[in-house]
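Read through the structure below, which is laid out as structure tokens, and then see the notes.
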Amino acid sequence: MCGIWALFGSDECLSVQCLSAMKIAHRGPDAFRFENVNGFTNCCFGFHRLAVVDQLYGMQPIRVKKFPYLWLCYNGEIYNFKQLQKQFGFDYQTLVDGEVILHLYNRGGIEQTASMLDGVFAFILLDTANRKVFLARDTYGVRPLFKVLTDDGFLGVCSEAKGLINLKHSTSLCSKVEPFLPGHYEVLDLKPSGKVASVELVKFHSCKDEPLHVACDTVEALPSAGFDLETVKSNIRILFENAVRKRLMAHRRIGCLLSGGLDSSLVAAVLLKLMKEININYPLQTFAIGMENSPDLLAARKVAAHIGSEHHEVILNTEEGIQAIGEVIFALETYDITTIRASIGMYLVSKYIRKKTDSVVIFSGEGSDELTQGYIYFHKAPSPEEAAEESERLLKELYLFDVLRADRTTAAHGLELRVPFLDHRFTSYYLSLPAELRIPKNGIEKYLLRLSFEDSNLLPKEILWRPKEAFSDGIASVKKSWFSILQDYIDQQVDDLLLEKAAEKYPFNPPKTKESYYYRQIFEKHYSGRSSWLPHYWMPRWVKATDPSARTLKHYKSATQE
């Protein structure tokens, strides 16, 4: 994890512009570099480093003697860089996994480069010999990337939008800052003036398609094909374990978020098992956050005891959570209701990890709910086919919601997040299964995933079959949800008259509740006029929901009242 920033064709003094690069310093607390591009005095790169691999030669932009005309700034981890080296005979000059991007590009161009990378990434690649700039982002947007391109060819690129919104340009303040789409690469021509012109934006991978890099995976071919239940269960276990194993690549201490729900518990259990197998000589630290005796704390305690991790609990108090709202919204760059609710706990547990421990590479369970149909409202899906379509829609929008939350809350404290449920190979296999196999069964969501690990003894049965609990609710008591606590506080902060006129003040995505109005006010203070970053609020489908919390849904209420 790190922060990348680049400008091409700046009319303003670069020493002034580079102050914007400091807005993302939290993403790389270990080192910073600002470098001009030879021959282009108005082009430059900025890089904030979190040193996870190759402590000596890991600074960026990466340049190697073999390709003196290539400049690379990237944020991410490429898990198959050694397999690609073996397959194509690449001669690496550093231990940095991202160096493979230079070799792939030299060998086969940008299309092959983006398609062959097994990992999470956002990168800026400059080819001065051919006067090209390339931008690319991984399939699910696990690593963030924003850009601004003016009509006269000034380009700014950054890991977070906050590093671009205050850039100066001769024609105007740069206003059209927008997220770069996941699963895409863009080709731009670099003019002698340092300005650029976009040539094409190409989608190189869809979540349903088996990735091209399967040939370079540690599990080359699954032992058996077909959709009989035992084969499917076995393949799910093999691919999930493989997804965790490849993410063990790190020179810094590994930890794991543990809410006590199915997803984080499975990640923690498999992670600890594999760490023992490769003789990592320190205990796995797991981290839970919640109010005293909250469902998440109690469940996480059981899991930690079962797997034998070094467990840490962060007790959340109401005042601390409420006080964090402003800084959380600034970090997130969104005003989405459920994203903010869920981010407060994750932000505070990340703050604890950074201050109190030496764990830096943090595993988490994001992506499972979208992939395996884990949200409560999937029980109301009209058909398996519609449930499958909804699952794909959620995966495509992860970069706006859960993946955004997970990245920003951890990156704000200089931690690197790893999410094995979003492994390209694992997700494409799961999505290839018949729709009927993937729906909730017997009143239980994620039924297939749970069933696949039932005989593994990785987790206690009551955890493996624990019903879905939204993170923003699980951290509070059963009697009073976290969202209710937030609403009670915010009711006193927002006047009724303000809410009545909300649609006039905020015509795009107008707030419908005092809570959403409160969040929007804070967002606009930091990111005025940029409400289009959120196309729509996250809300459940197929139910008449006025609030995104699972605790407002009928299925949840009946399950907890039994």
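The values are calculated or read from the model by the stated rules, or taken from the named source; none is laboratory data. Every value quoted in this text rests on a predicted model; they were computed, and no experiment measured them. In this analysis, Cβ positions are derived from the backbone assuming ideal geometry, glycine residues included, and neighbour counts consider all displayed protein chains. To get the accessible areas, we keep the full protein, side chains included, count just its heavy atoms, and leave off ligands, DNA and RNA. Shrake-Rupley method; radii C 1.70, N 1.55, O 1.52, S 1.80 Å.
Starting from the Cα gyration tensor of region 179-293, multiply each eigenvalue by 5, take the square root, and state the resulting semi-axes largest first in whole Å.
35, 24, 16
Please name whichever of 214, 125, 266 sits farthest to the positive end of the charge dipole of the chain, dipole taken about the Cα centre and charges placed at Cβ: Lys and Arg +1, Asp and Glu -1.
125
Using just the helices of the chain, give the 222 nm mean residue ellipticity in deg cm²/dmol: DSSP H runs with n ≥ 4 each add -39,500 (n - 2.57), and the total is spread over all residues, rounded to 500.
My calculation for the chain gives -10500 deg cm²/dmol from helical runs alone.
Can you compute the equivalent ellipsoid semi-axes for region 3-203, i.e. the square root of 5 times each eigenvalue of the Cα gyration tensor, sorted largest first and rounded to whole Å?
25, 18, 16
Rounded, prolate or oblate: which fits region 270-394 when a ≥ b ≥ c are the square roots of the eigenvalues of the alpha-carbon gyration tensor, with rounded for a/c under 1.5 and prolate only if a/b beats b/c?
Oblate is the answer for region 270-394, as a/c is 1.5 or above yet b/c matches or exceeds a/b.
Evaluate the Kirkwood expression for the hydrodynamic radius of region 350-393, namely the inverse of the mean inverse distance over all pairs of different C-alpha atoms, and round to one decimal in Å.
So the Kirkwood estimate lands at 12.8 Å.
Order 152, 97, most accessible first, counting only protein heavy atoms with a 1.4 angstrom probe.
152, 97
Could you order 227, 453 so the one with the most accessible surface comes first? Probe is 1.4 Å.
Ranked from most to least accessible, the order is 227, 453.
Using 24 Å as the Cα-Cα cut-off, could you pick out the over-long pairs in 351/514; 147/355; 514/544; 208/446; 23/355; 162/195?
Too far apart for the 24 Å limit: 351/514; 147/355.
Counting only the heavy atoms of the protein chains, how much of residue 184 is accessible to a 1.4 Å probe, in Å² to the nearest 10?
Rounded to the nearest 10, that gives 30 Å².
Filter the chain for me: DSSP H helices, axial length by Cα at least 27 angstrom, mean Kyte-Doolittle hydropathy not below -1.0. List them by residue number.
Long hydrophobic helices here: 337-356.
Please give the charge dipole size of the chain, origin at the Cα centre, charges +1 on K and R Cβ atoms and -1 on D and E Cβ atoms. Round to the nearest 20 debye.
Rounded to the nearest 20 debye, it is 700 debye.
Shape verdict for region 148-224, please, from the Cα gyration tensor: rounded (a/c under 1.5), prolate (a/b greater than b/c) or oblate.
Note, shape of region 148-224 comes out prolate.
Direction-averaged shadow area of the convex hull around the Cα atoms of region 331-375, nm²?
4.1
Hey, what's the Cα Rg ratio for region 1-118 versus the globular rule of thumb, 2.2 N^0.38 Å?
Rounded to two decimals, the normalised Rg is 1.10.
At q = 0.22 Å⁻¹, what is the base-10 log of I(q)/I(0) for region 221-284 according to the Debye formula with one equal point scatterer per Cα and no solvent? Please give it to two decimals.
-0.95
Looking at the square roots a ≥ b ≥ c of the eigenvalues of the Cα gyration tensor of region 388-497, which shape do they give, rounded for a/c under 1.5, prolate if a/b is larger than b/c, or oblate?
prolate
Going by average Cβ density within 10 Å per residue, which order do the peptides 118-125, 286-293, 454-461 take, highest to lowest?
Highest mean packing first, the order is 118-125, 286-293, 454-461.
Taking the inverse of the average 1/r across all pairs of different Cα atoms in the chain, what Kirkwood radius in Å do you get?
After inverting the mean inverse Cα-Cα distance, the result is 24.2 Å.
Can you sort 27, 253 by solvent-accessible area, 1.4 Å probe, largest first?
253, 27
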